[in-house]
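A short worksheet on the structure shown next.
The values are calculated or read from the model by the stated rules, or taken from the named source; none is laboratory data. Keep in mind the model is a prediction, meaning the values are calculated, not measured. Every residue, glycine as well, gets a Cβ built from its backbone with ideal geometry; the counts of neighbours run over all protein chains shown. Heads up: the accessible areas ignore ligands, DNA and RNA and are worked out on the full protein's heavy atoms, side chains in. Shrake-Rupley method; radii C 1.70, N 1.55, O 1.52, S 1.80 Å.
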Amino acid sequence: MKPNNPAFPSADHDHNSCVSNALKNAEAYCLQQGLRLTKLRHQVLELIWANHQPVGAYELLEQLTQKGRRAAPPTVYRALDFLMENGLVHRISSRNAYVGCSHTGHDHTAQFLICETCGQVAELDDARIGSVIAKDADQLGFTVAQWTLEISGICDQCNQGTADE
């Protein structure tokens, strides 16, 4: 029996609550840290959390424009830089896109499971993986500055969809 992993939300999960909780956590974190979560930064974060798929900067720009917000690419990139620097979003390099961080305010090295079929991303935070990489890097005399582990595959929902065919 497979474990029920909430990292890949079920089709019937309350996504509005998901987004609302993420924004509340970000607002509380910024307040606690004395950071300014400007209206644009908030809007960008909300758009990123709008679904569980990575979203690119130009897609964010297009969505902001559709919502009546005039923003230039550098403005969106500055908002993304702020959100990344403060651990509110992660960049998925393989997709050149961004996802919300589900571990706000918690220093961690994230690992991502990326579904090749539906595009959803699940964030893991397994310290054992980070410690193995840090130990092995140290043995090689390598200083890790930053890392993100991205693993492609097929999520359970998509696996079940292909099993029915």
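Details
- Residues residue 159 and residue 85, FRET efficiency given R0 of 41 Å [Cβ-Cβ distance, rounded to 0.05]: 0.70
- Considering only 53, 120, 63, the mean-square fluctuation computed in a Gaussian network model of the chain, springs between alpha carbons under 10 angstrom, is largest for 63.
- Accessible area ranking (1.4 Å probe, heavy atoms, ligands and nucleic acids excluded), largest first, for 126, 12: 12, 126.
- Cα pair distances exceeding 18 angstrom across segment 73-165, given as percent: 55 percent
- For the pair residue 12 and residue 139, the difference between a 0.36 nm per residue extended length and the Cα-Cα distance amounts to 41.1 nm.
- Positive-end residue, segment 16-118 charge dipole about Cα centroid, Cβ charges, pick of 93, 80, 110: 80
- Taking all protein chains together and a 1.4 Å probe, the residues 112, 8 rank 8, 112 from largest to smallest accessible area.
- Per residue, segment 33-165 exposes 59 Å² of accessible surface when a 1.4 Å probe is rolled over the protein heavy atoms with every protein chain present.
- Measuring only protein heavy atoms, the 1.4 Å probe finds residue 41 accessible over about 60 Å².
- Most mobile of 47, 140, 23 in a GNM of the chain (Cα contacts under 10 Å): 140
- Sulfur and carbon atoms: percent of accessible area, segment 9-99 [1.4 Å]: 46 percent
- From the Kirkwood radius over Cα pairs of the chain, Stokes-Einstein at 37 °C and 0.692 mPa s returns a whole-number translational diffusion coefficient of 190 µm²/s.
- All-pairs Cα distance distribution in segment 81-124, expressed in whole percent, bin size 10 Å: 27, 58, 15, 0
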